[in-house]
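Notes to accompany the following structure.
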Amino acid sequence: MHAKRHINDTPPEKRRSRLGHIFYWSAVSGLWGLIILSFYIAYVLLTMPQFSTWKIPVRPPNIRIVDRNGALIANRGLTGGEAIALADMSPWLPKAVIAIEDRRFYRHSGLDPMGIGRALSRNFIGSARQGGSTLTQQLAKNLFLSSDRTFDRKSREAILALWLEYKFSKRQILEMYLNRVYLGSGAYGAEAAARRYFNKSARHLTLMEAATLAGLLKAPSRLSPARDAEAAYARAKLVLAAMREEDMIDEAHYKAALKEPVPQAASYWSGSENFVADYVVNQIPFLIGRVDEDIIVETGLDMRLQKAAEKLLRREIRQNGKSRNISQGALVSIDTKGVICAMIGGGDYAASQYNRAVDAKRQPGSAFKPFVYLAALEQGKTPNSTRNDAPVTIGNWTPRNAGGKYMGDVTLTTALSHSLNSVAAQLAMEVGTANIINTAHRLGIRSGIDNHVSIALGTAEVSLLELTGAYLPFATGGTKPQIHLIRHIADTKGRTLYNIGKIEAPRLVSPQIVGMMNAMLQQTILNGTAAQARLGRPAAGKTGTSQNFRDAWFIGYTADYVTGVWFGNDNGESMRRVSGGSLPVALWKNYMLEAEKSKPAINLPGSYRLENAVPGGSDLPPDTNELPAYDSSKIIADNAPRPPVALSSADGKPVQTDKKRSIFDILRGR
């Protein structure tokens with residue numbers, strides 16, 4: 001048997017020859033690899049723009065919206081926040097990002113072979129995937145490239161990273177990165193993310209908050225505190241461990257940060273000020289056109305009043321929502337200079353971004369009646385004029401009072417403060433619906449109003465903002481300044497792009513008529529349907545409740561503010577006997593007490609001596625809904641002959657009218 005030949009028995013000459021061949025072909029392969037790589041790099045460079053044309057893309061503009069005192073309302077734009085200098089950021093944030101993403105950031109030149117090698121080895125050994133891209137490479141990708149996982153993209157990324165390192169300092173690169181990187185939930189950049197998750201500036205982040213943001217870089221959508229707070233917290237602890245390992249924090253800071261609670265964030269922007277921010281953004285194109293740079297929008301909003309209104313409205317819905325079947329509410333407050341001081345578009349912005357103060361059109365019920373009475377006063381009636389509150393049929397419509405109760409002869413003041421539907425319908429026939437429509441439009445109602453006599457009871461749909469604004473002339477003495485929210489727009493260098501300037505206030509109602517209206521509408525609060533709205537200072541207003549309790553309103557005012565409140569449901573479902581004199585009045589009073597607490601009591605403009613003002617009244621809707629469609633040809637204009645129409649007296653007997661006899665003469669048998 002032949003013994004096995006050991007490998008060491010191979011002659012040395014053959015072994016040297018074999019190693020030489022391996023070295024030779026390795027060298028040849030390496031050379032060809034370098035040649036191919038050189039040609040590929042040359043190809044990539046030739047297909048990229050010339051170096052001289054390379055520049056950093058402009059960051060999408062941010063719109064910073066502030067209140068009248070400079071307090072931040074919100075940021076809007078594609079980024080969700082403004083760019084801030086690295087020196088202004090919390091010092092924990094850049095440390096946290098470097099510790100978890102690129103520990104050798106200050107020691108490499110854009111590419112980190114050691115980091116790539118470490119990532120490859122860890123990916124090979126363990127199950128967790130780890131990338132080898134530097135922060136500079138990530139910035140290059142964010143600025144110039146897509147997220148495609150291709151060799152071509154990585155090659156271009158590497159070249160761009162080297163260019164960035166050549167062109168900018170490390171601090172500049174880090175600042176650009178932190179101001180542009182996506183951090184989940186629609187937030188681009190550290191400032192936007194800090195505002196989004198912690199409701200604070202990136203200038204004031206704690207160590208744990210900074211670690212949380214840094215942890216998002218691995219998977220911003222999945223790890224967002226707004227989506228999975230526990231996962232975000234677990235990742236933040238890994239960031240803290242990396243910072244401790246790199247001696248960026250000491251043991252005391254490390255242990256203190258671990259004791260901070262799990263960061264919580266709403267699934268969506270939650271404050272009511274976001275209704276205001278959305279409204280502002282919609283107005284900007286009409287004022288300055290396209291926004292292509294960071295701008296600062298100064299508004300007249302008062303965040304103190306905004307937060308007070310939000311708290312009060314949420315409380316009413318929370319306490320009464322289930323028992324009274326209420327899901328939504330809205331509030332608008334305008335000062336007598338025309339500035340919107342507070343705007344609440346709904347109970348919870350996070351749940352619904354629909355602005356019910358601006359976009360919703362609902363029936364105002366009796367809150368529309370002041371326009372009917374104003375038109376009547378302008379035709380020569382007075383608050384002391386009397387009408388007979390009794391059943392009346394107009395065409396095929398019989399307007400009813402709440403509960404079917406009638407008061408007989410009453411003054412117009414009592415009829416308005418008691419929300420007597422019969423008298424409002426009679427006045428509409430007497431003054432003409434066209435005049436009522438013109439009056440409402442003159443005072444600021446922009447929504448279309450059909451020429452039906454039923455508009456006297458508030459069947460025309462309007463928004464809370466326009467209805468509240470239409471009451472403004474009563475508080476100002478008959479003039480109406482332009483209602484506005486935006487005062488001034490400037491760029492970040494201070495250059496003015498828009499300024500509202502001097503506000504003109506044309507006269508819409510004579511001082512004498514304003515005095516009459518204020519005397520009447522004060523009775524709503526002193527003795528009428530809004531008696532619970534008394535503030536201890538002069539105030540006036542009108543309640544409104546639409547059919548079947550679908551909508552409840554109160555528009556009230558002092559010499560300082562006009563504030564409107566609405567409650568209802570988006571689907572039009574009826575509330576459980578919520579009238580304008582109940583929850584809307586309660587919310588209005590509590591808000592106005594806050595708004596007026598530092599202001600002296602001032603009388604409303606004008607004066608008029610009332611007679612026979614009867615206390616009491618109700619703005620509850622009638623038990624049945626009898627509001628049919630009307631043919632406008634049946635409406636009797638003031639200056640038109642009055643042909644025989646289907647008007648009935650209280651005893652139901654048909655009567656005829658002519659231009660010399662009024663409906664009130666007919667009802668009284670004259």
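The values are calculated or read from the model by the stated rules, or taken from the named source; none is laboratory data. Quantities reported herein were computed from a predicted structural model and do not represent experimental measurements. FYI the Cβ positions are ideal-geometry reconstructions off the backbone, even for glycines, and counts take in every protein chain you see. Side chains included, ligands, DNA and RNA excluded: accessible areas come from the protein's heavy atoms. Shrake-Rupley method; radii C 1.70, N 1.55, O 1.52, S 1.80 Å.
Distant-in-sequence amide contacts of residue 73, defined by a placed amide H-H separation under 5 Å and a gap of 5 or more residues or a different chain, comprise 65, 66, 67. The residues of segment 191-294 expose on average 47 square angstrom of accessible surface per residue, using a 1.4 Å probe on protein heavy atoms. Residue pairs exceeding 31 angstrom between C-alpha atoms, taken from 200/255; 381/542; 95/167; 307/405; 200/322; 480/599: 307/405; 200/322. When +1 charges are put on Lys and Arg Cβ atoms and -1 charges on Asp and Glu Cβ atoms, the dipole computed for segment 496-632 relative to its Cα centre reaches about 600 debye. As a rough guide to protection, the peptides 245-251, 265-271 ranked by mean Cβ packing within 10 Å, highest first, stand as 265-271, 245-251. The protection proxy used here, the mean number of other Cβ atoms lying within 10 Å of each residue, ranks peptides 170-177, 372-379 as follows, highest first: 372-379, 170-177.
Solvent-accessible area of segment 184-294 (1.4 angstrom probe, protein heavy atoms only): carbon and sulfur portion equals 48 percent.
State in Å² the accessible area per residue of segment 309-436; use a 1.4 Å probe, count heavy atoms of protein chains only, and round to the nearest integer.
Result: 30 Å² of accessible area for each residue.
Across segment 606-619, coupling constants 3J(HN,Hα) worked out from phi with the 6.51/-1.76/1.60 Karplus curve, θ = phi - 60°, read x, 7, 7, 8, 8, 10, 6, 7, 9, x, x, x, 8, 9 Hz, and Gly and Pro carry x. For residue 575, nonlocal amide neighbours, meaning residues 5 or more places apart or on other chains whose placed amide H falls under 5 Å from its own, are 550. Between residue 293 and residue 114, what length in nm is gained on full extension when 0.36 nm per residue of separation is reduced by their alpha carbon distance? Using 0.36 nm per residue and subtracting the Cα-Cα distance, I get 60.4 nm. Listed values for segment 100-114 are Karplus-derived 3J(HN,Hα) couplings in whole Hz (6.51 cos²θ - 1.76 cosθ + 1.60, θ = phi - 60°), namely 9, 10, 7, 5, 9, 3, 7, 10, 10, 10, x, 10, 10, x, 5, and x replaces Gly and Pro. Taking amide H as placed 1.01 Å from N in the peptide plane, residue 619 has its amide H under 5 Å from the amide H of 581, each at least 5 places away in sequence or on another chain.
Think of each Lys and Arg Cβ as +1 and each Asp and Glu Cβ as -1; about the Cα centre, that makes the dipole of segment 459-513 roughly 320 debye. The listed peptides 303-312, 184-193, 414-423, 86-95, ordered by packing as a protection proxy, come out as 414-423, 184-193, 303-312, 86-95 (highest mean of other Cβ atoms within 10 Å first).
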